[in-house]
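A short write-up of the structure that comes next.
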Amino acid sequence: MKYEGIIFDLDGVICHTDEYHYQAWKALADKLGIYFDREINNRLRGVSRMESLEIILERCDRSYTEQEKEDFATEKNELYKELLKKMSEKDLSEEVKDTLNGLREKGIRLAIGSSSKNARFILERIGLGTFFDAISDGNNISHSKPDPEVFVKAAQYLGLPAEKCLVVEDAKAGLEAAAGGKMDSAAIGDAVACGLGTYDLSTFSDLLKVVGE
């Protein structure tokens with residue numbers, strides 16, 4: 001088999017928390033009197049919390065100290081975590097669940113590679129808390145995507161070389177990170193348009209065809 005491990009981004013791939021991110025950032029931006037809309041929100045996909053905050057503050061006419069920025073990021077995350085409590089196993093689609101089980105039956109090792117520091121909490125909420133063989137997330141990396149660190153560490157946790165791993169991503173930054181880590185990638189959703197994926201998935205279950213090739 002060409003791939004012995006698959007590393008999944010979480011948000012937008014396994015489940016969808018984009019709306020919760022948007023609502024939390026929007027609440028913070030409104031409080032600070034900064035214009036924020038869904039187009040700006042799209043620029044935040046796949047990047048770290050602090051980098052996301054810097055993008056939002058581009059439209060601000062004053063500067064903030066590093067401590068104030070840390071406080072803003074913490075406030076946003078607390079709002080976001082409150083919203084995440086609404087998530088449940090209903091937020092995991094049957095297609096994703098069946099595909100993950102199908103990959104597991106083929107003997108493929110499965111990992112999460114996410115910049116989110118809330119990855120484990122989200123996985124618990126949707127019923128996948130103990131499903132994956134490895135989790136590399138925002139708590140164990142120093143550099144966010146497009147830096148390949150999160151995927152490199154996921155491969156290390158799986159005990160596999162980069163060339164035996166396939167990354168599944170819905171963001172350009174994630175596909176760039178996979179390439180930087182010398183890994184093949186499968187683009188899904190909005191990431192297909194950027195043309196950086198080794199494979200383009202029309203739907204999540206197409207992964208079963210990719211690994212069967």
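The values are calculated or read from the model by the stated rules, or taken from the named source; none is laboratory data. The structure presented is a predicted model; accordingly, all values stated were derived computationally and were not measured. Every residue, glycine among them, receives a Cβ derived from its backbone with ideal geometry; neighbour counts consider all protein chains shown. What goes into the accessible areas is simple: the full protein's heavy atoms, side chains included, and nothing from ligands, DNA or RNA. Shrake-Rupley method; radii C 1.70, N 1.55, O 1.52, S 1.80 Å.
Taking only protein heavy atoms into account and a 1.4 Å probe, give the accessible area per residue of region 134-190 in Å². Show your work: numbers first, answer last.
Details: 2070 Å² over 57 residues.
Accessible area per residue, region 134-190: 36 Å².
Ignoring ligands, DNA and RNA, please state the percent of accessible area on the chain from carbon and sulfur, probe 1.4 Å.
The C+S portion of the solvent-accessible surface of the chain is 46 percent.
Mind checking the per residue accessible area of region 1-74 for me, 1.4 Å probe, whole number of Å²?
Counting only protein heavy atoms, the per-residue value for region 1-74 is 52 Å².
Among 148-156, 20-28, how do they line up from the highest to the lowest mean number of other beta-carbon atoms within 10 Å? Don't skip to the answer; put the middle values down first.
Working: 148-156: 23.3, 20-28: 19.4.
The packing order, highest mean first, is 148-156, 20-28.
Count the DSSP beta bridges whose two residues both fall in the chain, then state the antiparallel fraction as a percent rounded to the nearest 5.
Given both bridge residues lie in the chain, the antiparallel proportion sits at roughly 0 percent.
Restricting to lysines 8 or more places apart or on different chains, can you count the pairs in region 38-137 with Cα atoms under 21 Å from each other?
12
Quick one: grab the alpha carbon gyration tensor of the chain, order the square roots of its eigenvalues as a ≥ b ≥ c, and give me rounded if a/c is under 1.5, else prolate or oblate depending on whether a/b is larger than b/c. Can you show the working numbers first?
Values: a/c = 1.96, a/b = 1.71, b/c = 1.15.
Prolate, since a/c reaches 1.5 and a/b exceeds b/c.
Provide the FRET efficiency to the nearest 0.05 for the S88-E51 pair, computing r from the beta carbons and using R0 = 22 Å.
With R0 = 22 Å, the Cβ-Cβ based efficiency is 0.15.
To the nearest 0.05, how large is the calculated FRET efficiency for A193 and E58 if R₀ is 22 Å and r is the Cβ-Cβ distance? Numbers along the way, then the final one.
Values: r = 24 Å, r/R0 = 1.08.
So, using R0 = 22 Å, E works out to roughly 0.40.
Stretched out fully, how many nm does the piece from E105 to K31 gain, at 0.36 nm a residue minus the Cα gap?
Values: separation 74, 0.36 × 74 = 26.64 nm, distance 4.87 nm.
Length gained, E105 through K31: 21.8 nm.
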